Amino acid sequence: MKIAFMVVAATLFAGGASQTTQTTIRGVEKTPARSAPASYIAASWSVAAPAPWSAKDPADSLYREARAALGKGDYSRAAELFRRISRQYPQSDYAGESLYYLAFSEYRIGGTDHLRSALGSLDRIKDRYPTLSKAGDAKTLRTRICGELARQGDEACAAEVSAAAGAAVAEAVASTAGVVANAVSSAVSSAVANAATAAAGAMDATSANIRASDRRRVSGCPSEDDDDDERVAALNALIQMDAERAMPILKKVLERRDACSAGLRRKAVFLVSQKHTPETADILLGIARNDPDEDVREQAVFWLSQVPDERAVTMLQDILNSSSNEDLKNKALFALSQHRSARGAQILRDYALREDASDELRGQAVFWLGQRRSPENAEFLRTLYGRVKSDEVKEKILFSLSQQRGVGNDKWLIDIASNTRENIDLRKKALFWAGQGAASAQQLISLYSSLPDSEMREQLIFVYSQRHEPAMMDKMLDIAKNDKDPELRKKAIFWLGQSRDPRVQQFLLDLINR
């Protein structure tokens, strides 16, 4: 998440300039999605399948249809068609690439089952097309997929990521940090940096909603992302001006209603939000209500998070109650989370309770409540868990409670993990987050003997492996030596193999020499 925060902050400061990274499959260029405007950047990854190259191939027509679906973002349809190519025409010239784009499509669909299926496709590439598997694209995709699964508690992927991707991650962090440092050095205010980071966090936590660039452009109008446009350069320069000089110019920009000014107005909304004047709230409230461009209104709602004004809280509540726009509601939830008032927190709690709201938005309300650490919010989320029916919302509750330490959540998570009446996947996630949170070593060690099922014990062994505490190492050694279940002994041995503890080395040597 920190990497995504820095990327967004850098792009905000840099004015949204587009940077294109190119990778290749069959030597055909693939380009990530075009850069979004500076006000919203996300780590969204998109690829374009290469143009058909074998017209006489029996899979050519299927490939063309699959490529078109991928280009439209219809990942379910694309996955279905690429899967048919790999199964029906394994000797086709398109078979290898189809496995890759099948994996990519399932990665974009998301969810544990699709992610694991995507890994299976990449494994088949490695077995059947070893040259293709060495391409940077396949490696990058595998890292992304396995990283997501590891974050969800998948032990095999956690081992793979920790063993193979550590250096790459460190390099990416260092590289991104350099970009951010350069960008921040050109900024004039630490307040702007804080706002950019907050915006980035919101976008990372709200699934990075970005509209297609084509919706942001009007034929014949200069691009809002074109820093060669003198208008854009002039507007970006306003951030370095004091509010007294900048605000009149920004208000003039926001008063425009011609189609070609929509991009400029979006930038102006962000700049206004950084100028803390008595009229800032009035300007943003007016734009949120009256601007003719939907995206401009949404930007104003988002940046209301920076305005400590009760009128903003009232308007955000009205949006949640009356709007049918999911993106707008999403931004309203974030904005409310930034208003540190008791009323804002209550509105978030009320929305999390709403059964007529989508699971995604209820989950976002839960997420933001989790970021507002308080005994009241912790108690509310624990109670909410027993009332909601959606596993998606329950997962968000488990995560949010794991972020609030010192208010009894560690024991509550362990109780969920121990409850055999609960869904097994939720139990495993509760156990994982208990281990990542404040659960003590003694709590986790004593839990092992009380878990009746081997699947949960296996998950607990994985949790031990992530804690790097002597007591956890002692417990894994005990399991590896004495557990009656040979499969659990093997799991403990596997994770012990990731340790550099000299006791482990001697244990493994003794085991080999038996």
**Complete:** Scanning the stretch 252-276 for residues that are under 19 Å from residue 302 (Cβ atoms) and over 33 Å from the mean Cα position of the chain (by Cα) gives 253
**Message:** Considering only the stretch 341-359, I want to know if a residue exists there that is buried (at least 18 other Cβ atoms within 10 Å of the Cβ), under 21 Å from residue 406 (Cα atoms) and not basic (Lys, Arg).
**Reply:** yes
**Prompt:** Within the bounds of the stretch 48-66, is there any residue that is crowded, with 22+ Cβ neighbours inside 10 Å and under 25 Å from the mean Cα position of the chain (by Cα)?
**Reply:** yes
**Asked** Can we say residue 340 is out of contact with any Gly (no Cβ under 9 Å at 6 or more places or on another chain) and either among the aromatic types (Phe, Trp, Tyr) or closer than 21 Å to residue 285 by Cβ (or both)?
**Response** yes
**Item:** So residue 335, is it assigned to a helix (DSSP H, G or I), touching a Phe, Trp or Tyr at 6+ places or on another chain (Cβ under 8 Å) and surrounded by 23 or more Cβ atoms within 10 Å (Cβ to Cβ)
**Value:** yes
**Asked** crowded, with 19+ Cβ neighbours inside 10 Å, modelled with pLDDT under 95 and either touching a Phe, Trp or Tyr at 6+ places or on another chain (Cβ under 8 Å) or in the same structural domain as residue 352 (by TED's automatic domain parsing) (or both), is that true of residue 369?
**Response** yes
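In this structure, is residue 278 part of a loop (DSSP other than H, G, I, E, B) and within 26 Å of residue 346 (Cα to Cα)?
On the way: part of a loop (DSSP other than H, G, I, E, B): yes; within 26 Å of residue 346 (Cα to Cα): no.
Criteria not met by residue 278.
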**Message:** Residues that are surrounded by fewer than 18 Cβ atoms within 10 Å (Cβ to Cβ), within 30 Å of residue 390 (Cβ to Cβ), hydroxyl-bearing (Ser, Thr, Tyr) and modelled with pLDDT of 90 or more: does the stretch 449-459 have at least one?
**Reply:** yes
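Here is a yes/no grid of residues against (1) more than 30 Å from residue 435 (Cα to Cα); (2) modelled with pLDDT of 75 or more; (3) surrounded by 16 or more Cβ atoms within 10 Å (Cβ to Cβ):
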| site | (1), (2), (3) |
| --- | --- |
| 122 | yes, yes, yes |
| 130 | yes, yes, no |
| 138 | yes, yes, yes |
| 141 | no, yes, yes |
| 153 | no, no, yes |
| 157 | no, no, yes |
**Request:** Within the stretch 301-317, work out how many residues are hydrophobic (A, V, I, L, M, F, W, C), within 10 Å of residue 284 (Cβ to Cβ) and part of a helix (DSSP H, G or I).
**Result:** 6
**Asked** What are the residues in the stretch 81-103 that are farther than 15 Å from residue 120 by Cα and either acidic (Asp, Glu) or part of a loop (DSSP other than H, G, I, E, B) (or both), if any?
**Response** 89, 90, 91, 92, 93, 94
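The values are calculated or read from the model by the stated rules, or taken from the named source; none is laboratory data. Since we're looking at a predicted model, the values are computed, not measured. FYI the Cβ positions are ideal-geometry reconstructions off the backbone, even for glycines, and counts take in every protein chain you see.
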